[in-house]
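Worksheet: one structure, shown below.
The values are calculated or read from the model by the stated rules, or taken from the named source; none is laboratory data. A quick note: this is a predicted structure, and the numbers were derived from the prediction, not measured. Note that we place each Cβ from the backbone using ideal geometry, even for glycine, and neighbour counts take in every protein chain shown.
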Amino acid sequence: MCASRSTYPWDLVITKRGDVLVFDKRTNSSLDFLTNGETAPDPLPEEKDNINGLQQLSMEATSVNQAFREQVLLGEGERQPLQEACPADLGPQGGGYKYCKWQLGGAAVVVRCAVDAAVRLGDSTQLVAVHALNEFDPKWSGVDWRQKLENQRGAVLATELKNNANKIAKWTAAALVTGIDQIKLGYVTRALPRDNRNHLILGTQAVKPRDFAMQMNLNMDNCWGIISGLVNLCQEQLEHDGKYLLVRDPNKPQLRLYAIPAEELHYAGEAAAAADKEAEDKDED
C-alpha cells in the first residue's frame, strides 16, 4: 500500500493457484525488519559494522520496537477475544489477528491484520497498535529528543515523519485497514550515543490513525489503488500456476516481477538463514 514511499529494496513472494493469488514474504526477508532514516535527505552509511549504518540501525529499530511493545503490554489481566484464534508462531506472544475481506472490482481481497492490544474506555473497548520510534544520533537528525520532546513534541514528530515516511505510513495504513482505534507511539533513545543495546523510553503519545493519515498526506484511496493495480497486473501477466517474486528495484522507484522455480526460492531462504546463523556463531566466538 505504501510502496511509492519506499526507497530501500524489498521483495514479495506471489503464489498463483488457479484464480487465487497469495502474497507473502520470503524467509528472512528485509520486511521482517524495520528501517530507520529510510526517507531522510542524507543517506545512511552502508558499512555493516557501523552502529549508525543502515543494517545495524534496522536491527536496532526492530529490537527496540519489539521490546517497547513487550514493556507496555500487560502480561496478565483481562483479555479481549477476537473472532479468530491466533495462528501458531505468528508475531509476539499476546498479539491478536483479524481476518478482513474487501471487494476490489471483481477480486475479493482477504488480509490477516495484527492487533497489539485493547483498552477499555468507559463502556467501549478500543483496539490499539503499539510502535516505537527510536533516536540514534541527535546530531544526524538535528533534533535532540531529550531537550525537545517535552515542549516541542510536534517538531520531533515532524522530523520523524520526514525521515521515516515509509515506516510510519505502513503503520498507519495497517491500522486503518485493521480498524485500529488508536496508535500508541513510544519515543525511545539510546542511553549513550555509542551504545545501541541500552535504551531509555522518553515518552509516549496516542494518535488516531485517520488523523495521523491526514497529517502525513496518506490517502487510503491511493493505497487501495496500488493493491488493485498490482492484483490486476498479476491476473494479466501470470499465466501459469507457480511462484513469482515481486522486487522493488534498489536503484529506481520501479517494481520487477520474476518467475522463480519453487526449489530455488526455498534454497535462497535456507541460504540466508545459514548465513545469519554463521554470523551469529562468529559473534559468540
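Within the stretch 62-72, the residues that satisfy the criterion of being surrounded by 18 or more Cβ atoms within 10 Å (Cβ to Cβ) and over 12 Å from Asp32 (Cβ atoms) are Val64, Phe68, Arg69.
Selection within the stretch 69-109: residues that are part of a strand (DSSP E or B) and charged (D, E, K, R). The member of this set that is modelled with the highest pLDDT is Lys101.
Restricting Ala40, Ala61 to those that are in contact (Cβ under 8 Å) with a residue 40 or more places away in the chain and under 13 Å from the mean Cα position of the chain (by Cα) reduces the list to Ala61. Considering only the stretch 47-54, I want to know if a residue exists there that is among the β-branched types (Val, Ile, Thr) and modelled with pLDDT of 90 or more. Taking every residue of the stretch 47-54 in turn, at least one turns out to be among the β-branched types (Val, Ile, Thr) and modelled with pLDDT of 90 or more.
The set of residues in the stretch 9-26 that are surrounded by 15 or more Cβ atoms within 10 Å (Cβ to Cβ) and part of a loop (DSSP other than H, G, I, E, B) comprises Trp10, Arg26.
Within the stretch 242-255, being farther than 21 Å from Ala107 by Cα and surrounded by 11 or more Cβ atoms within 10 Å (Cβ to Cβ) holds for Val247, Arg248, Pro253, Leu255. Going through (1) part of a strand (DSSP E or B); (2) under 30 Å from Asp19 (Cα atoms) one by one, Val128 falls short only on (2). Selection of the stretch 210-241 for residues being crowded, with 16+ Cβ neighbours inside 10 Å and free of Cβ contacts under 8 Å to residues at least 40 places away in the same chain yields only Leu230. Across the stretch 166-211, the qualifying residues are those that are part of a helix (DSSP H, G or I) and more than 16 Å from the chain's Cα centre (by Cα), and the one among them that is nearest to Trp145 (Cα to Cα) is Asp211.
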